[in-house]
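**Student:** There's a structure below that I have some questions on.
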Amino acid sequence: MATLSRYRERLDSVTRELSGLEMDDLVTVGDLVQAVQPLAMVRRLAEELEGHVEALGVDGRLLQLQMYELTQGIDQLATLLELDYRDAGAERFTLDVLRHLPTGDLLDPVTVASAIGLTSADLDTHLRAHGYRIVSQSAQMSTTTAGRLLEHFGSLQAVFAASGSELAAVPGVGTARARAIRDGLARISDSVSSR
């Protein structure tokens, strides 16, 4: 459980760093790989521990609660990362393949980049995040609404630059949600810059 906790802390740290890079449009293949490696390890460790916790029966309830807490939001994070970095027509980009990658290969950034479907194994290649993860988390909105915002403004950076009234003009957003989005984006920006 301690190992799972350490990987979760690492995942939270690298996703905060990734958020900052996404806001500045500075993400590279290597940055994305650094985020998906601990994500894959958290998933892998949770699957291994699940069997042990189930074998404990009633005695494993506390461990099961700890595991739930440490893995909460992991699948949603994987989905949002896939939406952010899958290019149009790039059906092959998926993080699920990491579940079956040998642990030794999971530690090699070039192997991970290739396995998840990135066309360039050059870790310094620039990637542009679509922005689903950050925009969705800004106001706890669906990926559909986040997609409308991103389509309307064209980029994550343009969403950050938009005023409240510009956000409210997007169908399905409205004034209250626009205010929540602006507040959420400011909160995310502050949390990234304070670290």
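**Student:** Could you please find all residues in region 22-40 being touching a strand residue (DSSP E or B) at 6+ places or on another chain (Cβ under 8 Å) and not in a loop (DSSP other than H, G, I, E, B)?
**Tutor:** Of everything in region 22-40, just one residue is touching a strand residue (DSSP E or B) at 6+ places or on another chain (Cβ under 8 Å) and not in a loop (DSSP other than H, G, I, E, B), namely THR28.
Residue by residue, here is whether (1) touching a residue at least 40 places away in the same chain (Cβ under 8 Å); (2) in contact with an Asp or Glu (Cβ under 7 Å, 6 or more places away or on another chain) holds:
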| position | (1), (2) |
| --- | --- |
| LEU21 | no, yes |
| THR28 | yes, yes |
| GLN34 | yes, no |
| PRO38 | no, no |
| MET41 | yes, no |
| GLN64 | no, no |
| TYR68 | no, no |
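**Student:** Related question: Check region 68-76 and report whether any residue there is farther than 24 Å from LEU21 by Cα, charged (D, E, K, R) and not assigned by TED's automatic domain parsing to the domain that holds LEU167.
**Tutor:** Yes, because at least one residue in region 68-76 is farther than 24 Å from LEU21 by Cα, charged (D, E, K, R) and not assigned by TED's automatic domain parsing to the domain that holds LEU167.
Here's the yes/no breakdown for (1) under 20 Å from THR28 (Cβ atoms); (2) surrounded by 15 or more Cβ atoms within 10 Å (Cβ to Cβ); (3) touching a Leu at 6+ places or on another chain (Cβ under 7 Å); (4) charged (D, E, K, R):
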{"position": "VAL42", "(1), (2), (3), (4)": "no, yes, yes, no"}
{"position": "MET67", "(1), (2), (3), (4)": "no, yes, yes, no"}
{"position": "THR71", "(1), (2), (3), (4)": "no, yes, no, no"}
{"position": "LEU77", "(1), (2), (3), (4)": "yes, yes, yes, no"}
{"position": "LEU80", "(1), (2), (3), (4)": "yes, yes, no, no"}
{"position": "ARG86", "(1), (2), (3), (4)": "yes, yes, no, yes"}
{"position": "ARG92", "(1), (2), (3), (4)": "yes, no, no, yes"}
{"position": "PRO109", "(1), (2), (3), (4)": "yes, yes, yes, no"}
{"position": "LEU118", "(1), (2), (3), (4)": "yes, yes, no, no"}
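**Student:** Among what's in region 71-125 and is of a type in the set (A, V, I, L, M, F, W, C), assigned to a loop (DSSP other than H, G, I, E, B) and at pLDDT 90 or above, pick the residue that is nearest to the chain's Cα centre (by Cα).
**Tutor:** Ranking the qualifying residues of region 71-125, first place goes to LEU95.
**Student:** Output the residues belonging to region 95-115 that are more than 30 Å from GLY184 (Cα to Cα) and either of a type in the set (A, V, I, L, M, F, W, C) or touching a strand residue (DSSP E or B) at 6+ places or on another chain (Cβ under 8 Å) (or both).
**Tutor:** Applying the first criterion (more than 30 Å from GLY184 (Cα to Cα)) to region 95-115 yields 97-115.
Passing the criteria: VAL97, LEU98, LEU101, LEU106, LEU107, VAL110, VAL112, ALA113, ALA115.
The values are calculated or read from the model by the stated rules, or taken from the named source; none is laboratory data. Since the model is a prediction, treat every value here as computed from it, not as a measurement. FYI the Cβ positions are ideal-geometry reconstructions off the backbone, even for glycines, and counts take in every protein chain you see.
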